[in-house]
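Inspection log for the structure reproduced underneath, given as structure tokens.
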Amino acid sequence: MGGKKKEVKEKPLEKMTSKELRELAMTIEDITGAHGMNKAELVSQIRGARGIEEPVGKKSNTDVRALKKQIQELKRQREKALADDDERMAVIYRKRMTRLKKKTRRAA
């Protein structure tokens, strides 16, 4: 029979499970903290380490995390405004939080 061996092709990163991506990331020296990352972050980090460009137009999950941090900060500011009896600023912070929550839903 033929002595040729087929080359094993790697699955596209988007098709891999997060477990497979973590195992792959553990073999790459540049990536640290792979166990704490979600699938989108792992794909992004592996692409960066391999020198593959990100596809244009896709939003990453890190945007959602940044938005949630902003929401947490606005919650703190709103609580402070309520404690200082500044009803006007509390309403402004609440409206900003609502807008950011809508953005997180769209980004997800």
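The values are calculated or read from the model by the stated rules, or taken from the named source; none is laboratory data. Since this is a predicted model, take the numbers as computed values, not measurements. Virtual Cβ from ideal backbone geometry, glycine too; neighbours counted across all protein chains shown.
Count of the range 59-81 residues, restricted to those that are modelled with pLDDT of 95 or more and among the acidic types (Asp, Glu), is 2. Take the conditions touching a Ser or Thr at 6+ places or on another chain (Cβ under 9 Å), in the same structural domain as LYS101 (by TED's automatic domain parsing) and at pLDDT 85 or above and apply them to LEU42. Does it pass? Judged against the criteria, LEU42 is not a match.
When GLU29, GLU41, GLU23 are screened for being part of a loop (DSSP other than H, G, I, E, B), out of contact with any Asp or Glu (no Cβ under 8 Å at 6 or more places or on another chain), charged (D, E, K, R) and closer than 28 Å to GLU10 by Cβ, only GLU29 passes. Taking only the range 74-92 into account, find how many residues are farther than 20 Å from ASP63 by Cα and under 27 Å from the mean Cα position of the chain (by Cα). The total comes to 3.
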